[in-house]
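Every read-out reported here was derived from the displayed coordinates using simple, explicitly stated rules and does not represent laboratory data. Computed from a predicted structure; not experimentally measured. Cβ coordinates were reconstructed from backbone atoms using ideal geometry, including for glycine residues, and neighbour counts include every protein chain displayed.
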Amino acid sequence: MGYLGKIIQMWGFARSFWMYRSNPLRRKRLAGIYSRFIGAGDLCFDIGSHIGSHLSIFLALGARVVALEPHPGCARIIRALYGQNPRAIILEKAVSDAAGVQILQISTLSPTLSTLDRNWIRTVGKDKNFSGERWDVSVPAETTTLDLLVKEYGRPVFCKIDVEGAEFRVLQGLSVPLASLSFEYISAAIEPALAAVDRLSALGTYEYNWIPGEGNPFQSAEWIGPEKMKSILQALSKGRGSGDVYARLEKNRKW
């Protein structure tokens, strides 16, 4: 990488820190949301840890966290920040439907948009909100699966999935239901989120809620079934940004 490339990379990381770690009120709200699922000593998976903004909240709640991040620069950052924490295991890997090696498409300017899914890039590239984005670097990334992680570390009480269009692929590598989890939706490419709901329905009886953006309240006063969640996601595909779908097994309700 040349001098200009390094400057762009540094700017990309600085932009990510500003976007995801500079707002203490948003972080407090996120902690309030996660505390409904996570208690001290609980095991969590952070799939797509990026620069560790959610990892830091999980640790602050007293959880044990397995964090996975395939972007080499982001992985260096979270190892530097949390690598000495005895409750954090940080793996420079992606999670997918099979263990092996896949190609990670990296956006130097917006590292949070790095993805394994070329189809997702083509889809969001048609949206005006992504018109200035470029995926300008490709690197091999080691992959694992949720099943392999569960086998090695145990079944988490909560799993956060933020993998830019590869959510369904991540859940294809899971054969046992998890108590609770979240996955990202992006209105410009809603199909992965719809497929993720279907995949969870094949694993267990889940109920759902959703949050636009980060740190906002749940949008439904009552948790809803999969078909209603899919209808809402389809409506959200009409240019309404991004957010997270939360799912919990009905039999494991905590609140």
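Once amide H atoms are placed 1.01 Å from N in the peptide plane, what residues at a sequence separation of 5 or more from residue 65, or on another chain, have their amide H within under 5 Å of its amide H?
The answer is 44, 88, 89.
Mind ranking 26-32, 191-197 by how tightly packed they are, going by the mean number of other C-beta atoms within 10 angstrom, highest first?
191-197, 26-32
Extending each Cα 7 Å along its Cβ direction at residue 201 and residue 76, get the distance between those two points in nm, one decimal.
Going from the residue 201 label point to the residue 76 one covers 4.5 nm.
In deg cm²/dmol and to the nearest 500, what is the mean residue ellipticity at 222 nm of the chain if only DSSP H runs of at least 4 residues count, each as -39500 (n - 2.57), divided by the residue total? Each step should come with its number before you reach the end.
On the way: 9 runs with 94 residues, N = 255.
Helix-only estimate at 222 nm: -11000 deg cm²/dmol.
Looking at the stretch 191-234, which GluC sites (Glu not before Pro) are DSSP coil and have at most 10 other C-beta atoms within 10 Å of their C-beta?
222
Rounded to a whole number, what is D in µm²/s for the stretch 169-238 from Stokes-Einstein with the Kirkwood radius over alpha-carbon pairs (25 °C, 0.890 mPa s)?
It comes out at roughly 194 µm²/s.
Among 220, 103, 157, which residue has its Cα positioned farthest towards the positive end of the charge dipole of the chain, with +1 placed on the Cβ of Lys and Arg, -1 on the Cβ of Asp and Glu, and the dipole taken about the Cα centre?
In the chain, that residue is 220.
For the stretch 117-223, which trypsin sites (Lys or Arg not before Pro) are both in a DSSP coil and crowded by at most 16 other Cβ atoms within 10 Å?
Of the trypsin sites (Lys or Arg not before Pro), the ones in loops of the stretch 117-223 whose Cβ has at most 16 other Cβ atoms within 10 Å are 126, 134.
Between residue 122 and residue 109, 0.36 nm times their residue separation minus their Cα-Cα distance comes to what?
Residue separation times 0.36 nm, minus the Cα-Cα distance, leaves 2.9 nm.
Amide H neighbours of residue 163 under 5 Å, at least 5 residues apart or on other chains, H built in the peptide plane: list them.
Amide H neighbours of residue 163: 184.
Let's see if you can work this out: charge +1 on each Lys and Arg Cβ, -1 on each Asp and Glu Cβ, no other charges. What is the dipole magnitude of the stretch 3-252 about its Cα centre, in debye to the nearest 20?
620 debye
Would any residue of the stretch 60-98 have its amide N under 19 Å from a label point 7 Å out along Cα→Cβ of residue 139? List them or say none.
Within reach of a label on residue 139: 67-83, 90-96.
Tell me which residues come under 5 Å, amide H to amide H, from residue 49 once H is placed; ignore anything under 5 positions away on its chain.
68, 69
For a distance above 25 Å, tell me the whole-number percent of Cα pairs in the chain that qualify. Walk me through the numbers on the way to the answer.
Values: 12830 of 32385 pairs.
Within the chain, distances greater than 25 Å cover 40 percent of Cα pairs.
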